[in-house]
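Below is the structure I would like to discuss, written out as structure tokens.
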Amino acid sequence: MPRHDYYHILGVERSADAEAIKRAWRTVARQWHPDRNPDDPDAARRFKDAQEAWRTLSDPEKRQRYDQLGMLYTEDGRPPRPDEVSEVVGSLLGNLFKRRPARGRDLAARVDISLADVMKGATPSLSVTRKRVCNPCGGVGTLPENRRRCATCAGTGRSTRARLLRSACWHCNGRGWTAVQVCSACAGEGLCATPETLRVQVPPGVADGQKLRVGERGDEAPGATPGDLFVSVHIAPHPTLERRGDDLVLRVPVRFRELVLGARFELPSLDGPLAVALPPRAAAGHTASLTGRGLPRAQRSGRGDLHVSFELEVPTRLTEASEKALDSWFDALPPDAHPRRQRFDAAAKERP
Ligand SMILES: [Zn+2]
Ligand SMILES: [Zn+2]
């Protein structure tokens, strides 16, 4: 019994003439020939299927018998066994349910946004190529003028052969007609790849890598609901601000003098420049937390905080004059200028 539809195996229409079948057989045989696919069991199986399809479809008498019996056809003409009949019934019923997908395929895309977009939310535009129901053929895969009444079921679409099946005509799949030529716009698929531009709503506080669902903007499917589009959000790194959940961290390299004497800074934030004071004698790594200057909290009200971290930058280059000046500056310091170091030195001397 055929494992698959012989016409499908050779890739020809049911109405194909002997010449077209011969051409198709040569192409398929070349593709799956064992010499070209050594040690490939899948290719070997396909080649064997193609040989079987060719033996039957190239013989007018066998082909006629196959056209009438379909999956119940046997090459040697023996009647099918009961278990074979029930297998075919099972697969036909399966096909009835499988013929149309319930939904179109979901699609994936990505958008790139900035940290400022996370602050306010954004509606970036996005280009996707989605499959849409073919306009010329309405998703059927054949233009109306290229459909011929099915000879097997006389256009009823119902099986006439095997009474017990009482199911769709196997020749035309229950449509009552067969195609003599597939739709050229969609190559018979019923769907056409269509580029589209759409805008996506990115909510404030969105996380990096978060997937946003855009309902029914995936592939269409004839007679079914379109799939969904899943857009993953990528946030470009900000030149100065780092994100930590809803909070932001700003690392400011400060000079020794600024740490010792204090300084006022005008620092970048997502609300524009912020005046921040560094108090005199601050420790290296001193952090100022600005409440509510972080990112909006996703699905909650309020905002996170902005943590400004002042990090000491030691000079990497000194001139001879600056080195001397630094030396004399240290010499002029009172002895208790560095109390922690003083305590450490004392403890180390006591217990060497
Ligand atoms: Zn039919
Ligand atoms: Zn079409």
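May I ask what percent, to the nearest 5, of DSSP beta bridges between residues of the chain are antiparallel? Please list the in-between numbers first.
Working: 33 of 49 bridges.
If I count the DSSP bridges inside the chain, around 65 percent turn out antiparallel.
I would also like to ask the following. Calculate the dipole size of the stretch 239-352 relative to its Cα centre from +1 charges on Lys and Arg beta carbons and -1 charges on Asp and Glu beta carbons; express the result in debye to the nearest 20. Present the calculation step by step, with values, prior to reporting the outcome.
Details: 18 positive and 16 negative charges, 82 e Å.
About 400 debye.
Where is the GNM fluctuation largest for the chain (alpha-carbon springs, 10 angstrom cutoff): G176, G139, G285?
G285
Next question, about the same structure. Please give the charge dipole size of the chain, origin at the Cα centre, charges +1 on K and R Cβ atoms and -1 on D and E Cβ atoms. Round to the nearest 20 debye.
1380
What's the lysine pair count for the chain at a Cα cut-off below 25 Å, pairs eight or more apart or interchain? Could you put the intermediate results ahead of the total?
Values: K22/K48; K22/K62; K48/K62; K98/K131; K120/K211; K131/K211.
Lysine pairs meeting the criterion: 6.
Along each of the three principal axes of the Cα atoms of the stretch 6-80, give the extent in whole Å, ordering the values from largest to smallest.
In descending order, the Cα extents are 36, 28, 15 Å.
Calculate the dipole size of the stretch 100-236 relative to its Cα centre from +1 charges on Lys and Arg beta carbons and -1 charges on Asp and Glu beta carbons; express the result in debye to the nearest 20.
In debye, rounded to 20, the stretch 100-236 gives about 960.
Next question. With the contact rule set at Cα under 8 Å and sequence spacing of 6 or more, what percent relative contact order holds for the stretch 129-204?
Dividing the mean separation by the residue count of the stretch 129-204 yields 42 percent.
Quick one: Cα centre-to-centre distance for the stretch 215-274 and the stretch 279-350, in angstrom?
Answer, in whole Å: 27.
So what does log10 I(q)/I(0) come out to for the stretch 161-268 at q = 0.16, 0.20 Å⁻¹, using the Debye formula with one equal point on every Cα and no solvent?
-0.96, -1.15
Pulled fully out, how much extra length does the chain show between T319 and N146, if you take 0.36 nm times their separation in residues and subtract their Cα-Cα distance?
53.4 nm
Find which of L333, A29, T74 sits farthest along the positive direction of the dipole of the chain, computed with +1 on the beta-carbon of Lys and Arg, -1 on that of Asp and Glu, about the Cα centre.
Sorting the options by dipole projection puts first T74.
In a shell of Cβ-Cβ distance under 14 Å around A236, excluding A236 itself, what net charge do Lys and Arg (+1) and Asp and Glu (-1) give?
With Lys, Arg at +1 and Asp, Glu at -1, the neighbours total -2.
Also: Normalised by the number of residues in the stretch 107-235, what is the relative contact order in percent for Cα pairs under 8 Å and 6+ residues apart? Could the numbers behind the result be given before it?
Working: 276 pairs, mean separation 49.6, N = 129.
Contact order relative to length: 38 percent.
Also, I was wondering about something else. Sequence-distant or interchain residues sharing an amide H contact under 5 Å with Q181, placed H: which?
Under 5 Å from the amide H of Q181 lies no amide H from a residue far enough along the sequence or on another chain.
Sticking with this structure for a sec: For the chain, what relative contact order do you get, as a whole percent, if you take Cα pairs closer than 8 Å and at least 6 residues apart?
Reported relative contact order: 14 percent.
Same structure again: May I ask for the net charge around E196, where only other residues with Cβ less than 12 Å from the Cβ of E196 are counted and Lys, Arg are +1 while Asp, Glu are -1?
Around E196, the surrounding residues sum to +3.
List, largest first, the extents of the alpha carbons of the stretch 107-235 along their principal axes, each in whole Å.
Taking the Cα atoms of the stretch 107-235, the three principal extents are 68, 32, 14 Å.
For L191, enumerate residues with amide H under 5 Å from its amide H, sequence gap 5+ or separate chain, H modeled in the peptide plane.
C134
Here's a follow-up. Add +1 for every Lys or Arg and -1 for every Asp or Glu among the other residues with Cβ under 12 Å from the Cβ of L318, and state the total.
Values: positive: R317, K324; negative: E320, E323, D327.
Summing Lys/Arg as +1 and Asp/Glu as -1 gives -1.
So what is the orientation-averaged projected area of the chain, using the convex hull of its C-alpha atoms, in nm²? Display every interim value, and only then the final one.
Details: hull surface 142.2 nm².
Its Cα hull, projected and averaged over all orientations, spans 35.6 nm².
Lys/Arg Cβ at +1, Asp/Glu Cβ at -1, dipole of the stretch 107-235 taken about the Cα centre: which of I113, H171, Q201 is farthest positive-ward?
The listed residue farthest towards the positive side: H171.
Oh, and also: Shape call for the stretch 241-350 from the C-alpha gyration tensor, a ≥ b ≥ c root eigenvalues: rounded (a/c under 1.5), prolate (a/b greater than b/c) or oblate? It would help to have the intermediate numbers written out before the result.
Working: a/c = 3.21, a/b = 2.04, b/c = 1.57.
Here the stretch 241-350 falls in the prolate category.
L212's amide H: which non-local residues (gap 5+, or another chain) put their own amide H closer than 5 Å, with H modeled 1.01 Å from N in plane and none for Pro or chain starts?
The answer is V231, S232, V233.
Now for a different question. What share of the DSSP beta bridges in the stretch 213-343 is antiparallel, in percent to the nearest 5?
Of those bridges, close to 70 percent are antiparallel.
Here, each number is a calculation from the coordinates, and none is a lab measurement. Just so you know, these numbers come straight off a predicted model, no measurement behind them. A quick note on method: Cβ atoms are made from the backbone with ideal geometry, for glycine too, and the neighbour counts reach across all protein chains shown.
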